[in-house]
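See below for the structure under consideration.
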Amino acid sequence: MPPRSTVFRSARLLDRSPALRSALVLALLATAGTLPAASLAEAAPVIQPNPAPFDRPPDATDASGLTLEVRDLVFTVRSFGGAETDRTSGRRRDVTLSADVLFAFNKATLTGGARDIVRDVAGQIKGHASGPVQVVGYTDSKGSDAINVPLSRRRAAAVAGALRPQVGGGVPLRASGRGSANPVAPNTKNGRDDAAGRRRNRRVEISFATAR
């Protein structure tokens, strides 16, 4: 029989540790045959290992051994009823305006409905542009380059002229026209005219780099 002092110390320890007391009771029950050993094993606390620390993906290294920091690429697209599409990729922003909304057929004078669209684009340029802004006009493939290229230039110049007083003289605007070059949609499908594709190709694109 253990000394009385040892018994008292054990009792105080059990009072202070409910978990130890529960484990002792389960062990006694299993010894007495009133509780299956499997139940005792299930009741035993399970200690989960600490999760491994998160490892940041390694930065890329070029051939010269310089470390290149990995950056996320931001890509968003907005559309305004088919009249305007705003595309952002990294530090580059491209705004595409439908020429059918900006101009009458075969004309280079801005319509009344173009005013709000140009104002919205001017706000984007003032708030985000860093460096020169490119304004490029395009047409569909109907007609010759002798007609389409000058028309696309005049349309780009009209948009740039409307933007200039709104963005201020500190932002260079460069207008140019490329006629039917660089189509974004087919002008014909299976040998037939594609009206939807031609409509997408008649456009004015505004591109600029954004500030960090």
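Residues of the range 122-163 being closer than 15 Å to Asn201 by Cα and assigned to a helix (DSSP H, G or I), which ones?
Matches in the range 122-163: Asp145, Asn148, Val149, Leu151, Ser152, Arg153, Arg155, Ala156.
Residues checked against (1) under 16 Å from Thr85 (Cβ atoms); (2) more than 28 Å from the chain's Cα centre (by Cα); (3) surrounded by 14 or more Cβ atoms within 10 Å (Cβ to Cβ); (4) assigned by TED's automatic domain parsing to the domain that holds Arg92:
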site: Lys107; (1), (2), (3), (4): no, yes, yes, yes
site: Gly127; (1), (2), (3), (4): no, no, no, yes
site: Gly170; (1), (2), (3), (4): no, yes, no, yes
site: Ala175; (1), (2), (3), (4): no, yes, yes, yes
site: Asn182; (1), (2), (3), (4): yes, no, no, yes
site: Thr188; (1), (2), (3), (4): no, yes, no, yes
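Got at least one residue in the range 184-193 being acidic (Asp, Glu), part of a loop (DSSP other than H, G, I, E, B) and either touching a helix residue (DSSP H, G or I) at 6+ places or on another chain (Cβ under 7 Å) or without any contact (Cβ under 8 Å) to a residue 12 or more places away in the chain (or both)?
no
Six or more apart or on different chains, Cβ atoms under 6 Å: show the pairs whose first residue is in the range 147-172 and in contact (Cβ under 8 Å) with a residue 60 or more places away in the chain and whose second is buried (at least 21 other Cβ atoms within 10 Å of the Cβ) and in a helix (DSSP H, G or I).
none
The values are calculated or read from the model by the stated rules, or taken from the named source; none is laboratory data. Quantities reported herein were computed from a predicted structural model and do not represent experimental measurements. Quick reminder, even Gly has a Cβ in these numbers, built from the backbone with ideal geometry, and neighbours come from all protein chains shown.
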